[in-house]
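Structure first, commentary second.
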Amino acid sequence: MKYILFFIIPVYFISCSTESFKKELQNSFNSDTIKTFTDSISIGKKGFNKVTLQTISENNKLKTLSKFYSRKKNSWYLEYSFLDPENNFIFENPKIVDFNNDGYNDFTYTYAKNKLSGDEFKYLFIFQGNNTISYVEQSYKYPNFYFDKNTNLLSTRSSLDNRTIFMKLSGNILLPIAVVEQQKDRIAVSIYEKDKEKIIYIDSINTYRKYTRFKNYTPLEVY
């Protein structure tokens, strides 16, 4: 598992429609396998979709490759592939969870951790309902993101920060919508308007413990 100290790893997409990429995928799976994960029961349309995750060693470098399939006439057909940059990590904590309350399970896994804080950084893939899955842009840069089914909100908070950021999915893009900032003597709640924060509420009596993770921003709720 690779550790990072607050820098952003760029993400690259490679279409599985090109012959060169198909060849690279085949070569990757012929390389030394370090770790694998497969689910064909819970992902997407249960029983009709499959996801595989594999970290392989190739030329003394590690690569992690994910593939998404649909089942047609008792055979699996590749619908989507995602190849990480050569970041020399081994994936952890693959999870099949519904991240947008649409009734279909999505997919996430940890690609790195912060050595000092223990923050986990993940890639998120959302099932689109038409036998496809999409990588959620920007998901890689938000540590410890979590989806609350009761509030229908995604949130993120670093262990080294006093800010809980709330987000929503727009297609395959994460959009910040609000932030709760816990300061020494107050709590400030802001919403995003045209990518700028606008304070809408201030709690001048901060009775919450340090580094509280908030469940909701209006009204303020904690876990």
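Lysines near residue 72 by alpha-carbon distance under 21 Å, same-chain residues fewer than 8 away left out - which ones? The qualifying lysines are 22, 45, 46, 50. The phi-based Karplus calculation (6.51 cos²θ - 1.76 cosθ + 1.60; θ = phi - 60°) puts the 3J(HN,Hα) values of region 168-181 at 10, 8, 10, x, 10, 10, 8, 10, x, 10, 7, 9, 10, 10 Hz, whole numbers, x for Gly and Pro.
Subtracting the Cα-Cα distance of residue 42 and residue 175 from their residue separation scaled by 0.36 nm leaves 45.2 nm. Label positions at residue 90 and residue 117, each projected 7 Å from the Cα along the C-beta direction, are separated by 2.6 nm.
Could you tally the net charge around residue 50, taking each other residue with its Cβ under 9 Å from the Cβ of residue 50, Lys/Arg +1 and Asp/Glu -1?
Every neighbour counted, the sum reads +1.
When only the Cβ of Lys, Arg, Asp and Glu is charged (+1, +1, -1, -1), the dipole of the chain relative to its Cα centre reaches about 300 debye. For region 155-195, the residues whose amide N sits under 16 Å from a probe point set 7 Å from the Cα of residue 102 along the beta carbon direction are 168-175. Structure remark: mean-square fluctuation, Gaussian network model of the chain, C-alpha springs under 10 Å; the largest value among 42, 204, 70 belongs to 204.
Take every Cα pair under 8 Å whose residues are at least 6 apart in sequence, average their separation, divide by the length of region 82-124, and the relative contact order is 30 percent. Look at the dipole of the chain built from charges on Cβ: of 162, 76, 123, the Cα furthest out on the positive end belongs to 76. Highest mean packing comes first when the peptides 44-50, 174-180 are listed by Cβ atoms within 10 Å, giving 174-180, 44-50.
When only Cα pairs below 8 angstrom with a gap of at least 6 residues are kept, the chain shows a relative contact order of 12 percent. Working from Cα pairs under 8 Å separated by at least six residues, relative contact order for region 143-189 is 24 percent. For the pair residue 196 and residue 59 in one chain, pulling the backbone fully straight at 0.36 nm per residue adds 44.8 nm over the alpha carbon distance. Cross-link partners for residue 67 among the aspartates and glutamates, with Cα-Cα distance under 14 Å and sequence neighbours closer than 8 places in the same chain left out: 24, 39, 79, 84, 106. As I understand it, the value is the acute angle between the Cα axis of helix 19-29 and the longest principal axis of the Cα atoms of the chain; what does it come to in degrees, rounded to 10? The helix 19-29 is inclined about 90 degrees to the chain. Counting 0.36 nm for each residue step from residue 159 to residue 186 and taking away their Cα separation leaves a gain of 7.8 nm. Taking each DSSP H run with n ≥ 4 as -39500 (n - 2.57) and averaging over every residue of the chain yields -1500 deg cm²/dmol at 222 nm.
All of the numbers you see were taken from the coordinates with simple rules; none came from a lab. The model shown is predicted, which means the values in this text are computed figures rather than measured ones. Note that we place each Cβ from the backbone using ideal geometry, even for glycine, and neighbour counts take in every protein chain shown.
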